[in-house]
Amino acid sequence: MAFPTKVSVREVGPRDGLQNEDPIPTAAKVELIDALAMTGVRRIEAVSFVHPKAIPQMADADEVWSRVRRDPRIRYSALVPNLRGAERALAAGFTELEVVVSASDTHNQRNINRTTEESLAELPALVSLVHEAGGTLQLIVSTSWGCPYEGDVPVERVLWVAGRGVEAGVDSLVYGDTTGMATPPRVTRLVGATRTAHPGLPLGLHFHNTRGTGLANVYAALELGVDDFDASVGGLGGCPYAPGASGNIATEELVYLLEDMGIDTGIDLPALIGVAGLAERLVGHKLDSQVLRAGPAVR
């Protein structure tokens, strides 16, 4: 079985992780981002530019970004919900942006107060704005394997959203398991169908471990050659608009698995475990990561 020899890991704890926690001070957010930069991680989702009433945890996005000690080796990105968010992100100096659209109409309305169609209709203008500024735009399709309000989301519905993104000219695609409903067979079906429909489109995956299948889903995706995954230090995260959706797969657990499979990530696992401990202290409660508790394997 031909697994990838190298995997790109995007650390999403500072954004997707912290948005589901009680707000922490700006200085603590900056400390976490700068500590992650010392672990060998080469991609960090730093902030999101959303309305502060919707996600108050990200209200200080501009200040956080202005205080980060930016490492030129790292690709920092920002998530945006719409044109206004993209304008703010570009003005702040980001060149790598992500726009999120839910495959589930109900979740999209709860998340960003728009129907899925309304979000998709804005994509061409978003792509033009970002590309004219010299940046890239990634489409994140959330609720790709299920919705807390509508239940299962058909593969055809997810492919329709992805196809609209391709038509608009997005640079890459990520499927988000917002509710942790994915299982390996479901991953295989959706990834396989996407490879058939859009064989040249860069594809990443974003799994939550809500039902304990996160790393099993990663393994299924690796079997299909996927080499791009999101993860969150300590297992921080969830979705404020997806009831019951617990944290992302923990970055240190993902790196532990990949290392043992002989797959290179470029990340220093002991250093990452140290930052997971820092994240736990900053949010003030125990995090779910088992590798944080047990440490790396004893050889």
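So the check is Cβ under 8 Å with 6+ separation or different chains; which pairs have a first residue in the range 88-107 that's under 15 Å from Leu137 (Cβ atoms) and a second one that's among the β-branched types (Val, Ile, Thr) and at pLDDT below 95?
Partner pairs satisfying both residue conditions: Val100/Ile112.
Give the residues of the range 282-299 that are exposed (fewer than 13 other Cβ atoms within 10 Å of the Cβ) and charged (D, E, K, R), sorted by residue number.
Within the range 282-299, Lys286, Arg293, Arg299 qualify.
Checking the structure you have, find out if any residue of the range 122-134 is over 14 Å from Tyr175 (Cβ atoms), in contact with a strand residue (DSSP E or B) (Cβ under 9 Å, 6 or more places away or on another chain) and of a type in the set (S, T, N, Q).
No; the residues of the range 122-134 include none that is over 14 Å from Tyr175 (Cβ atoms), in contact with a strand residue (DSSP E or B) (Cβ under 9 Å, 6 or more places away or on another chain) and of a type in the set (S, T, N, Q).
Please state which one of Arg67, Arg114 is open to solvent by 40 Å² or more (accessible area, probe 1.4 Å) and either free of Cβ contacts under 8 Å to residues at least 40 places away in the same chain or within 25 Å of Trp145 (Cα to Cα) (or both). Steps first, please.
Details: Arg67 fails: either free of Cβ contacts under 8 Å to residues at least 40 places away in the same chain or within 25 Å of Trp145 (Cα to Cα) (or both).
Of the residues listed, the single one that is open to solvent by 40 Å² or more (accessible area, probe 1.4 Å) and either free of Cβ contacts under 8 Å to residues at least 40 places away in the same chain or within 25 Å of Trp145 (Cα to Cα) (or both) is Arg114.
Can you name every residue in the range 173-202 that is in contact with a helix residue (DSSP H, G or I) (Cβ under 8 Å, 6 or more places away or on another chain), buried (at least 22 other Cβ atoms within 10 Å of the Cβ), among the β-branched types (Val, Ile, Thr) and assigned to a loop (DSSP other than H, G, I, E, B)?
Thr178
Considering (1) open to solvent by 10 Å² or more (accessible area, probe 1.4 Å); (2) out of contact with any Leu (no Cβ under 8 Å at 6 or more places or on another chain), say which one Ser102 fails and leave the rest.
Against the list (1) open to solvent by 10 Å² or more (accessible area, probe 1.4 Å); (2) out of contact with any Leu (no Cβ under 8 Å at 6 or more places or on another chain), Ser102 comes up short only on (1).
Please give the number of the condition Gly85 fails out of (1) free of Cβ contacts under 8 Å to residues at least 40 places away in the same chain; (2) assigned to a loop (DSSP other than H, G, I, E, B); (3) not basic (Lys, Arg).
(2)
Collect the residues in the range 271-289 that are part of a helix (DSSP H, G or I) and over 14 Å from Ala37 (Cα atoms), keeping them in residue-number order. Steps first, please.
Filtering the range 271-289 down to residues part of a helix (DSSP H, G or I) leaves 271-283.
Those that are part of a helix (DSSP H, G or I) and over 14 Å from Ala37 (Cα atoms): Gly277, Glu280, Arg281, Leu282, Val283.
In the list Gly40, Gly17, which residue meets the criterion of being crowded, with 16+ Cβ neighbours inside 10 Å and in a loop (DSSP other than H, G, I, E, B)?
On the way: Gly17 fails: in a loop (DSSP other than H, G, I, E, B).
Checking each option against the conditions leaves just Gly40.
Between a first residue in the range 157-179 that is more than 21 Å from Asn111 (Cα to Cα) and a second residue that is at pLDDT 95 or above and hydroxyl-bearing (Ser, Thr, Tyr), which pairs have beta carbons less than 7 Å apart while being 6 or more apart in sequence or on different chains?
Short answer, once both residue conditions are applied: Asp171/Thr136.
Is there any pair linking a residue in the range 252-279 that is acidic (Asp, Glu) to one that is open to solvent by 10 Å² or more (accessible area, probe 1.4 Å) and outside any helix (DSSP H, G or I), with Cβ under 6 Å and at least six apart or on different chains, and which?
Asp264/Lys6; Asp268/Gly40
Starting from the range 24-42, keep only residues that are farther than 23 Å from Ala59 by Cβ, then list their pairs with residues that are polar (S, T, N, Q) and assigned to a helix (DSSP H, G or I) whose Cβ atoms are within a distance under 8 Å, requiring at least 6 positions of separation or different chains.
Val41/Thr251
Residue by residue through the range 24-39, note down the ones that are of a type in the set (A, V, I, L, M, F, W, C) and touching a helix residue (DSSP H, G or I) at 6+ places or on another chain (Cβ under 6 Å).
Initially, the range 24-39 is screened for residues of a type in the set (A, V, I, L, M, F, W, C), giving 24, 27-28, 30, 32-33, 35-38.
Scanning the range 24-39 gives Ile24, Ala28, Val30, Leu32, Ile33, Ala35, Leu36.
With Leu129, Leu173, Leu159 as the choices, which residue is of a type in the set (A, V, I, L, M) and either within 21 Å of His51 (Cβ to Cβ) or at pLDDT below 95 (or both)? Lay out the reasoning, then the answer.
Numbers: Leu173 fails: either within 21 Å of His51 (Cβ to Cβ) or at pLDDT below 95 (or both); Leu159 fails: either within 21 Å of His51 (Cβ to Cβ) or at pLDDT below 95 (or both).
The unique qualifying residue is Leu129.
Working only within the range 82-99, note down all residues that are open to solvent by 20 Å² or more (accessible area, probe 1.4 Å) and either of a type in the set (Gly, Ala, Ser) or closer than 17 Å to Trp145 by Cβ (or both).
First, the residues of the range 82-99 that are open to solvent by 20 Å² or more (accessible area, probe 1.4 Å): 82-84, 87-88, 90-93, 95-96.
If the condition is that a residue be open to solvent by 20 Å² or more (accessible area, probe 1.4 Å) and either of a type in the set (Gly, Ala, Ser) or closer than 17 Å to Trp145 by Cβ (or both), then Ala91, Ala92, Gly93 are the ones that fit.
The values are calculated or read from the model by the stated rules, or taken from the named source; none is laboratory data. Quick caveat: nothing in here was measured; it's all calculated off a predicted structure. Heads up, the Cβs are rebuilt from the backbone with ideal geometry, glycines too, and the neighbour counts pull from every protein chain shown. These area figures cover heavy atoms from the full protein model, side chains too; ligands, DNA and RNA do not enter into them. Shrake-Rupley method; radii C 1.70, N 1.55, O 1.52, S 1.80 Å.
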